[in-house]
Amino acid sequence: LEGSLYKILTDKFKINLYRSVQSFQAIILVGENARLLKVKKGSPGIFLTSIIYDVDNIPIEVLHAIYRGDRYVFQVETGQYKPSLKV
């Protein structure tokens, strides 16, 4: 496969991505998460849950991710996906 997953879903499978919901939660990094992110145990982190829905409100993608709390800026824009947009 080549190109954007969202473009493939839209063009090849005719799935109309409509909206997304993101939830950001402040967490404390411990154990394997702290080790993998190369921070000290007890460092701040951010837990992200993101769900993308189609026009029928069916979840198409669910994402769970953990980020370091000292390195990221999150900018969220949501709305109908348009495959012609350049990012």
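Would you please name the residue that is nearest to LYS7 (Cα to Cα), looking only at residues in the stretch 54-78 that are aromatic (Phe, Trp, Tyr) and modelled with pLDDT under 95?
Checked the stretch 54-78; the qualifying residue nearest to LYS7 (Cα to Cα) is PHE74.
Does VAL87 meet the test of being over 25 Å from ALA26 (Cβ atoms), in contact with a Phe, Trp or Tyr (Cβ under 6 Å, 6 or more places away or on another chain) and at pLDDT below 95? If you could, list the steps in order and put the result at the bottom.
Working: over 25 Å from ALA26 (Cβ atoms): yes; in contact with a Phe, Trp or Tyr (Cβ under 6 Å, 6 or more places away or on another chain): no; at pLDDT below 95: yes.
Against the criterion (over 25 Å from ALA26 (Cβ atoms), in contact with a Phe, Trp or Tyr (Cβ under 6 Å, 6 or more places away or on another chain) and at pLDDT below 95), VAL87 does not qualify.
Of all the residues that make up the stretch 21-51, how many are among the hydrophobic types (A, V, I, L, M, F, W, C), within 30 Å of ASP11 (Cβ to Cβ) and modelled with pLDDT of 95 or more? It would help to see each step written out before you state the result.
If we filter the stretch 21-51 for residues that are among the hydrophobic types (A, V, I, L, M, F, W, C), which is where we start, we get 21, 24, 26-30, 34, 36-37, 39, 46-48, 51.
Cutting the leftovers down to within 30 Å of ASP11 (Cβ to Cβ) gives us 21, 48, 51.
Subset that is modelled with pLDDT of 95 or more: 48, 51.
Qualifying residue count, the stretch 21-51: 2.
Scan the stretch 25-43 residue by residue and report those that are surrounded by 13 or more Cβ atoms within 10 Å (Cβ to Cβ) and in contact (Cβ under 8 Å) with a residue 24 or more places away in the chain.
Listed by number, the residues that qualify are ILE27, LEU29, ASN33, LEU37, VAL39, SER43.
Identify the single condition in (1) of a type in the set (S, T, N, Q); (2) assigned to a strand (DSSP E or B); (3) more than 21 Å from LYS7 (Cβ to Cβ) that ASN33 does not satisfy, given that it satisfies every other one.
(2)
The values are calculated or read from the model by the stated rules, or taken from the named source; none is laboratory data. What you are looking at is a predicted structure, and each value in this text was computed from that prediction instead of being measured. Cβ coordinates were reconstructed from backbone atoms using ideal geometry, including for glycine residues, and neighbour counts include every protein chain displayed.
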